[in-house]
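Undergrad: What follows is a single structure, and I will ask about it in a moment.
Values in this text are rule-based calculations from the coordinates and carry no lab data. Being a predicted model, the structure only gives us computed values, none of them experimental. Reconstructed Cβ throughout: ideal geometry from the backbone, glycine too, with neighbour counts over all protein chains shown.
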Amino acid sequence: MRRFVYMQQYVRPEATRVSDGVVIRLKHYEVDPELMGQQFDQQDMPAWDTLRIVDDRNDHLNWMHEHFADETLVAGQEAELDLGAGQPSGEPYPTLSEVSARHPKPILPY
Amino acid sequence: MTTAPVMTVDAAIVAELEAIMNEPGSVLTGVSSRANRARVPAPFPLHRWAEHMPAVVVLPRTAEQVSEIIKLANRVKIPVVPRAGGTGLNDGAVPLRGGIMVDVKRMNQIHEVDLADRTVTVGPGINMLKLNEELKKYGVFYPDTPASYPCSLVGGRIACSGWSLLGSRFGHTRDLVVSFEIVLPTGEIIRVGDGGGKKVRKSSTGYHLKHLFMGHQGTLGIVTEATLELVPRPEAEFAAFFAFDDFGNAHRTVYGIVTSGIATLAGTVLFDEKKIEYLRRDDEAFIPMPPWVNSIVATALYGTKPEVREASKLLMDLGRKEGGRYTGDEMAVGDWASRHDRYANPLHGRLKDGTVAPMSWHCEDASLNWTVIPKVREEWTAIADRYIDKFGIFDNWGIYCYTNAAYKPWGDYLAEIDIGIWEEKLDDESWAGWVDFKSEIAKVSLKYGGSITACHGSTRAGDAELVSEEMGGGWDVMLKIKRTLDPNNIMNPGKQMLDQAYES
Amino acid sequence: MTFDDSTSPASRAGQDGQLQREFVERWRQNGYNCFSSGHKFCREVCPVTQVTRNENHTPTAFHANIIAMDKDLLDIEDVADDYVHCTQCGACEIRCPNTLFVGDFYQARTETVKVVRAARALMVDKGLDRDGWKLWNRLTNDLKNEPVLGTGDGQPNGQDHVRDWAEGLQIPIGGETIMFVDCEAAFYRTSNTRATAQVLQQAGVEFGLMNEQWCCGGPAAEMGYVEQSRAFAEHNLADWRASGVKRVIAIEPHDYIHFTEDYPAYFGMDFDIEVVQIIELVAELIKNGQLKLERPINKTVTYHDPCRLNKRKGIHEAPRFILNSIPGLIFKDVDHVTQWSYCSGGGGGLPIEKPEITEAISDVRVARAKELDVDMLVSACVWSERPLATAGHKAGIEVADIIELVAESAGIEVGGRRGASDLEAAR
């Protein structure tokens, strides 16, 4: 059960920078506030609203899967991004033809 | 002869429209009704809003009403502009010369679900997501799914000859609309299909009029009913994303996947370096990606469970063959499901100093063959850099290339470069700069044997001037058709340089 | 190019013009962020647009109007009637990709409800408020409760009657925790209110009633009567403080919104009252065994997600837990995301000004329930229960409040009136 208490909603913990332009707060990505406020203001969003949006987003994504198919299959494999880029096969691929694919210039009837 | 702008209508015409409509609140003359039907999501010259308002709006419910409205417009020579969802990334539904706007949102009925011959017949004002919510209980599905799937309407899909994210598996709008009813520019109500037959998918009788009117952009009439394909609801879906440090490797990976013969492949999407850079700004799946990632290939399968399960194993091998790294199950599930919102999620542009500014979205949507994509990408990016430097109100949101052929995933791609535009700062000079920017991008598509638009249509300034070049000898045929069917040039006048049909 | 410029409001100036300029200045950014995106993902979830199919009534238009005012294309006079077409359900806000996908990231989201309220406040300031709303709020101001049953024929209203519903229940006045009773619940559907009080009593929750309970002020805020709303809020907060109240149980979703969004906006850090919502409280009482649901209810039901709980607050799990805890009940659920596009039409003052649209929205909602082949549509919002029960009577579906079912399953004899359900059944 949620209990609405003003101070818990509007006092925000400090953020940690994770990349150029992105910080993390409450285990949640946010834009670096320094990039906001010049042309685009931030709002005084209470904590419950942020959490609600995140929860609703996840529910919405699940809904989209169910909307399009009875079952969502996954590879069941770990992400491989920590391994760095893989090696290409080196096999030859077709290349752009020297002959243009465009239609020839039209012969106009006047 | 071209149609003159009609920015106001007199009381007599309003009275005639009211008599045709015979329903309170269905003929709207107030400024709010007119101002709110002036724009679509395509870049809009905000500083010239008033020039794009219709003079009067009607909300019809039947084809007969539409027919009477068009006959009236012919008699008094008033432009007519149809509007369905108003979600196009072109400006087909934007009036250029005022006139009567025919807003078809009230024609949103499901007339018939035919499970025996596998069609559903609907009004043009229905949305595909809402239609599929209704169809779910029958175990069938209408698979026309653009990024605007939650908001675009069937009438607009036909008017633009739309493209679907699942088109390589299920076809695009032109393939999925079996036949439709259209009110001609002179008011006659006809039905067009491949030949005759409301529910016949293949015919050799007569000219294929469905294809003539598909993509008409409101210049050849108003669609009032459509009979659509029903496909079995997919048992299973599978998505996988692969990351690359080299665009060429990603580009070759796409080739390998689309030529593999996997029949359940619904589409692939290729993301370039600028797109990854853009997504790293605010997409939670991309923010933590290691710096070496500069391209992504996304893929999805739909079909029966045994088919999808087996094909997914093949797909996982193909995705890695040119050095791709699987980005994990969580991203596969989450990012594929976000394809409508994320792919239509502009707004947060960045200025050169990195600060966030509210921007509108231009989505160039060329059709390009696989071989030319790397060259086009280079040239488009260079053009964008030049205009961003010069005007300071544009932002390059990178390139997606989606499989573009119907029922087969190879050959050509919907290549889109997404450009942010800070519309609030537009004046005549920067708007002209924008049109030049747009035009330069489109010319690159033509230079490489492509088409300037895969699905949005070519009515935008910067595109419209190039239609004759792309169409070649066919342009003259188009003009003859336009003049024959619309002798008074009342249907959506001013679009696509079609005024040329009346210059002689 | 010729176009008629005569409707341009640029020439209309004076103090009225200043009020509009202030409105535009305050909301222009929110308006532009929607206008420039233009994706309109809101349209098909908007309950009003679903039935009127008129683009004037879309959330997109509500934002675009601000930009049009900024560009001197139109005036609040031109769009006043458009802004009446909103139940403030919040579907558009959550379905907007600028909220759902990046609102949390940028700490800035689409705020259609605030825009509509501000436009209505401007209408009040400029004397453009609708007659029905004007009367409703004048009577509320006089009575200190909303005239939910009218004022004729000796209809009880006001402080002397605000606790009539509680007859025989022996609920104390004041205390650390109070149950705040909504006007509709206090005068109209009193079965709901009695059920709530008795459920809490049976579970051993100590609570009292307010000393001098005025309307929460929420409806006034929704219709644009900002000063009245604030005056009511100030009275209520002062009353709570005077009797040592620390915690308020909001038994009605509109009140919960008002206490957790408007009161904090009015009082800032001085708002030191804890607020809990009844549905979540009752779910917790069931979970921890304080409330036992043992009497079976042999009915097949579906649940209507009240907009202010589901779309605006994300409260959708607790009611489903409760319904699944009632023995004998067959619960045919429709998920809460699908229900973003459902509504009763009962909110935002719409039934006062546009009853025919409320009726159409309720008819659509009940028809969706009817398709599920259920006996009963269960809601958790007393304001939704009046239009839904009216539509339900036409369609042959009973409409009940979830707490009424909880009380029945807990073996409580509730009493009280079930509002439209009684009235419709009697016809």
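Undergrad: What is the fewest-to-most order of C:Asp70, B:Asp317, B:Asp385, C:Asp305 by other Cβ atoms lying within 10 Å of their Cβ? Display every interim value, and only then the final one.
TA: Values: C:Asp70 19, B:Asp317 10, B:Asp385 13, C:Asp305 26.
Listed from fewest to most nearby Cβ atoms, that is B:Asp317, B:Asp385, C:Asp70, C:Asp305.
Undergrad: Is there a quick way to get the dipole size of the protein assembly as shown? I mean about its Cα centre, with the Cβ of Lys and Arg at +1 and of Asp and Glu at -1; what is the value in debye to the nearest 20? Before the final figure, lay out each step's value.
TA: Numbers: 109 positive and 148 negative charges, 417 e Å.
Once rounded to the nearest 20, the dipole reads 2000 debye.
Undergrad: By how many degrees, between 0 and 90 and to the nearest 10, does the Cα long axis of helix B:305-320 differ from the longest principal axis of chain B?
TA: 60
Undergrad: Can you give the helix-only mean residue ellipticity at 222 nm for chain B, where every DSSP H stretch with n ≥ 4 adds -39500 (n - 2.57) and the sum goes over all residues, rounded to the nearest 500 deg cm²/dmol? Provide the component values of the computation, followed by the final result.
TA: Details: 17 runs with 166 residues, N = 504.
Computed ellipticity for chain B at 222 nm equals -9500 deg cm²/dmol.
Undergrad: Can you give the local net charge around C:Leu237? Use residues other than it whose beta-carbon is closer than 14 angstrom to its beta-carbon, Lys and Arg +1, Asp and Glu -1. Mind dumping the intermediate values first?
TA: Details: positive: C:Arg230, C:Arg241, C:Lys246, C:Arg247; negative: C:Glu212, C:Glu234, C:Asp239, C:Asp255, C:Asp262, C:Asp270, C:Asp272, C:Glu274.
Summing Lys/Arg as +1 and Asp/Glu as -1 gives -4.
Undergrad: What is the spread of the Cα atoms of chain A along each of their three principal axes, largest first, in whole Å?
TA: Taking the Cα atoms of chain A, the three principal extents are 75, 48, 35 Å.
Undergrad: Here's another thing I want to ask about it. For the range C:64-82 and the range C:225-287, what is the separation of their C-alpha centers, rounded to whole Å?
TA: After rounding, the separation between the Cα centres reads 34 Å.
Undergrad: At most 16 other Cβ atoms within 10 Å and a DSSP loop assignment: could you name the trypsin sites (Lys or Arg not before Pro) in the range B:62-150 that fit? All intermediate terms of the calculation are to be shown ahead of the outcome.
TA: Values: sites: B:Lys71, B:Arg75, B:Lys77, B:Arg83, B:Arg97, B:Lys105, B:Arg106, B:Arg118, B:Lys130, B:Lys136, B:Lys137; in loops: B:Lys77, B:Arg97, B:Lys105, B:Arg106, B:Arg118.
Filter output for the range B:62-150: B:Lys77, B:Arg118.
Undergrad: Treating the beta-carbon of each Lys and Arg as +1 and of each Asp and Glu as -1, no other charges, what is the dipole magnitude of chain B about its Cα centre, to the nearest 20 debye?
TA: Values: 55 positive and 65 negative charges, 198 e Å.
In debye, rounded to 20, chain B gives about 940.
Undergrad: A follow-up question, please. For chain C, take the longest principal axis of its alpha carbons; what is the angle in degrees between that and the long axis of helix C:59-70, to the nearest 10 within 0 to 90?
TA: 30
Undergrad: Defining a contact as two alpha carbons under 8 Å apart and six or more residues distant in sequence, what relative contact order in percent does chain A show? Don't skip to the answer; put the middle values down first.
TA: On the way: 40 pairs, mean separation 15.0, N = 110.
Once normalised by length, the contact order is 14 percent.
Undergrad: Is there a pair in C:Lys114/C:Lys313; B:Lys136/B:Lys305; C:Lys299/C:Lys370; B:Lys199/B:Lys305 whose C-alpha atoms are over 21 Å apart, and which pairs would that be?
TA: Details: C:Lys114/C:Lys313 15 Å; B:Lys136/B:Lys305 18 Å; C:Lys299/C:Lys370 14 Å; B:Lys199/B:Lys305 29 Å.
From the list (C:Lys114/C:Lys313; B:Lys136/B:Lys305; C:Lys299/C:Lys370; B:Lys199/B:Lys305), the Cα-Cα distance tops 21 Å for B:Lys199/B:Lys305.
Undergrad: Next up: Positive end of the dipole of chain B, charges at C-beta (+1 Lys, Arg; -1 Asp, Glu), about the Cα centre: which of B:Gly303, B:Gly98, B:Gly334 has its Cα farthest in that direction?
TA: After comparing all options, I get B:Gly303.
Undergrad: What are the ³J(HN,Hα) values, in whole Hz, obtained from phi via the Karplus relation 6.51 cos²θ - 1.76 cosθ + 1.60 with θ = phi - 60°, for each residue of the range B:438-455 in sequence order, with x given for Gly and Pro?
TA: Values per residue, Gly and Pro as x: 4, 5, 4, 5, 5, 5, 4, 4, 5, 4, 9, x, x, 10, 6, 8, 8, 7 Hz.
Undergrad: For B:Glu188, B:Glu416, which order do you get if you count the other beta carbons within 10 Å of each Cβ and list the fewest first?
TA: Numbers: B:Glu188 13, B:Glu416 25.
By the 10 Å Cβ count, ascending, the order reads B:Glu188, B:Glu416.
Undergrad: Using +1 on the beta carbon of Lys and Arg, -1 on that of Asp and Glu, and nothing else charged, what's the dipole of the range B:110-232 about the Cα centre, debye to 20?
TA: Working: 13 positive and 12 negative charges, 52 e Å.
So the magnitude is around 240 debye.
Undergrad: Here's another thing I want to ask about it. In whole Hz, with x marking every Gly and Pro, tabulate ³J(HN,Hα) for the range C:134-151 from phi via Karplus 6.51 cos²θ - 1.76 cosθ + 1.60, θ = phi - 60°.
TA: Whole-Hz 3J(HN,Hα) from phi for the range C:134-151: 4, 5, 4, 6, 5, 5, 4, 5, 6, 7, 6, 9, 6, x, 5, 10, x, 10.
Undergrad: Determine the shape class of chain C: with a ≥ b ≥ c the square roots of the Cα gyration tensor eigenvalues, call it rounded for a/c under 1.5, and otherwise prolate if a/b is greater than b/c, oblate otherwise.
TA: Values: a/c = 1.81, a/b = 1.48, b/c = 1.22.
It comes out prolate by the Cα gyration axes.
Undergrad: Quick check: the angle from helix B:273-282's long axis to the longest principal axis of chain B, C-alpha only, nearest 10 degrees?
TA: The two axes meet at around 80 degrees.
Undergrad: Next up: How high is the relative contact order of chain C, in percent, counting Cα pairs under 8 Å that sit 6 or more residues apart?
TA: Values: 730 pairs, mean separation 70.0, N = 427.
Normalised by residue count, the contact order of chain C is 16 percent.
Undergrad: So what are the three principal axis dimensions of the range C:202-297 from its Cα atoms, in whole Å, longest to shortest?
TA: 47, 29, 23
Undergrad: Per-residue Cβ counts within 10 Å, from other chains only, averaged over B:413-426: what number is that? It would help to have the intermediate numbers written out before the result.
TA: Details: counts 0, 0, 0, 0, 0, 0, 0, 1, 1, 2, 4, 8, 1, 0.
Counting other chains' Cβ atoms within 10 Å and averaging over B:413-426 gives 1.
Undergrad: DSSP loop (so not H, G, I, E, B), at most 15 other Cβ within 10 Å: list which GluC sites (Glu not before Pro) in the range C:366-414 pass both filters. Don't skip to the end; give the middle numbers.
TA: Numbers: sites: C:Glu371, C:Glu385, C:Glu398, C:Glu404, C:Glu408, C:Glu413; in loops: C:Glu413.
In loop regions of the range C:366-414 (DSSP not H, G, I, E or B), the sparsely surrounded GluC sites (Glu not before Pro) are C:Glu413.
Undergrad: What does the range C:250-409 give for Rg and for Dmax, in Å, if only its C-alpha atoms count?
TA: For the range C:250-409, the Cα radius of gyration and maximum Cα-Cα distance read 16.1, 50 Å.
Undergrad: When the helix-only estimate is applied to chain A (DSSP H runs of n ≥ 4, each -39,500 (n - 2.57), divided by the residue count), what is the mean residue ellipticity at 222 nm, nearest 500 deg cm²/dmol? Walk me through the numbers before you get to the answer.
TA: Working: 2 runs with 27 residues, N = 110.
So the calculated ellipticity at 222 nm is -8000 deg cm²/dmol.
Undergrad: Under 1.5 on a/c is rounded, so check that first for the range B:230-290, then, if it is not, pick prolate when a/b is larger than b/c and oblate when it is not; a ≥ b ≥ c are the square roots of the alpha carbon gyration tensor eigenvalues. Could the numbers behind the result be given before it?
TA: Details: a/c = 2.93, a/b = 1.51, b/c = 1.94.
Because a/c hits 1.5 or more and a/b fails to exceed b/c, the range B:230-290 counts as oblate.
Undergrad: In the range C:268-315, which GluC sites (Glu not before Pro) are in a loop and have at most 13 other Cβ atoms within 10 Å, using DSSP for the loop call? Don't jump to the answer; show the numbers that get you there.
TA: On the way: sites: C:Glu274, C:Glu280, C:Glu284, C:Glu294; in loops: C:Glu294.
Listed in order of number, the matching sites are C:Glu294.
Undergrad: So, in Å, what gap is there between the alpha-carbon centers of the range C:291-307 and the range B:403-463?
TA: Each part's Cα centre sits 55 Å from the other's.
Undergrad: Further question on the same structure: Measure off 7 Å from each Cα along the Cα-to-Cβ vector at B:His111 and A:Gln77, then give the distance between these two points in nanometres to one decimal.
TA: It works out to 4.9 nm between the two label points.
Undergrad: Average partner chain C-beta neighbours within 10 Å, per residue of B:325-336?
TA: Numbers: counts 8, 8, 3, 7, 8, 2, 2, 6, 7, 6, 1, 5.
Per-residue shielding by partner chains comes out at 5.
Undergrad: Let me ask something additional. Between beta-carbons, use under 10 Å as the cut-off and find the net charge around A:Ala75, counting Lys and Arg +1, Asp and Glu -1. Provide the component values of the computation, followed by the final result.
TA: On the way: positive: B:Lys313; negative: A:Glu78, B:Asp329.
Taking every Cβ under 10 Å from that of A:Ala75, the sum is -1.
Undergrad: Relative contact order for chain B using alpha-carbon pairs under 8 Å, separation at least 6, rounded to a whole percent? Don't jump to the answer; show the numbers that get you there.
TA: Values: 1145 pairs, mean separation 83.6, N = 504.
Relative contact order comes out at 17 percent.
Undergrad: Apply 1/(1 + (r/R0)^6) to the Cβ-Cβ distance of B:Ser203 and B:Thr304, taking R0 = 30 Å, and write down the FRET efficiency to the nearest 0.05.
TA: Numbers: r = 30 Å, r/R0 = 0.99.
Efficiency computed from Cβ-Cβ geometry: 0.50.
Undergrad: Let me ask something else about it. Using a 7 Å offset from Cα along Cα-Cβ at B:Asn22, what residues in the range B:66-98 end up with backbone N under 15 Å from the label point?
TA: B:66-69
Undergrad: Give me B:Lys199, C:Lys313, C:Lys394 sorted ascending by neighbouring Cβ count inside 10 Å, so fewest comes first. Don't skip to the answer; put the middle values down first.
TA: Working: B:Lys199 16, C:Lys313 23, C:Lys394 13.
Going from least to most buried by this count: C:Lys394, B:Lys199, C:Lys313.
Undergrad: Anyone know which of A:Gly86, A:Gly76, A:Gly37 comes out most mobile in the 10 Å Cα GNM of chain A?
TA: A:Gly86
Undergrad: Give the span of the range C:200-252's Cα atoms along each principal axis, as three whole-Å numbers ordered largest to smallest.
TA: Result for the range C:200-252: principal-axis Cα extents of 39, 23, 15 Å.
Undergrad: What distance in nm separates the simple spin-label points at B:His47 and C:Asp164, each placed 7 Å from Cα in the Cβ direction?
TA: 6.5
Undergrad: Still on this structure, please answer the following. Compute a Gaussian network model of chain C, connecting alpha carbons closer than 10 Å, and tell me which residue from C:Gln107, C:Gln88, C:Gln20 fluctuates the most.
TA: C:Gln107
Undergrad: Here is a follow-up. Identify, among B:Ser152, C:Cys34, C:Asn65, the residue whose Cα sits farthest towards the positive end of the charge dipole of the protein assembly as shown, taking +1 on the Cβ of Lys and Arg and -1 on the Cβ of Asp and Glu, with the dipole about the Cα centre.
TA: B:Ser152
Undergrad: Which lysines, on any chain, are close to B:Lys71 with Cα under 23 Å apart, when same-chain ones fewer than 8 places away are left out?
TA: Cα-Cα hits under 23 Å: B:Lys105, B:Lys210, B:Lys480, B:Lys482, B:Lys495.
Undergrad: Given a Förster distance of 35 angstrom, what is the FRET efficiency for B:Thr484 paired with A:Asn62, based on the Cβ-Cβ distance and rounded to 0.05? All intermediate terms of the calculation are to be shown ahead of the outcome.
TA: Numbers: r = 52 Å, r/R0 = 1.49.
Plugging the Cβ-Cβ distance into 1/(1 + (r/R0)^6) gives 0.10.
Undergrad: While we're looking at this one, here's another question. Compute the Cα gyration tensor for the protein assembly as shown, then decide on rounded, prolate or oblate, letting a ≥ b ≥ c be the square roots of its eigenvalues: rounded whenever a/c is under 1.5, prolate when a/b is larger than b/c in the other cases, and oblate in all that remain. Could you put the intermediate results ahead of the total?
TA: Numbers: a/c = 1.72, a/b = 1.44, b/c = 1.19.
Prolate is the answer for the protein assembly as shown, as a/c is 1.5 or above and a/b outweighs b/c.
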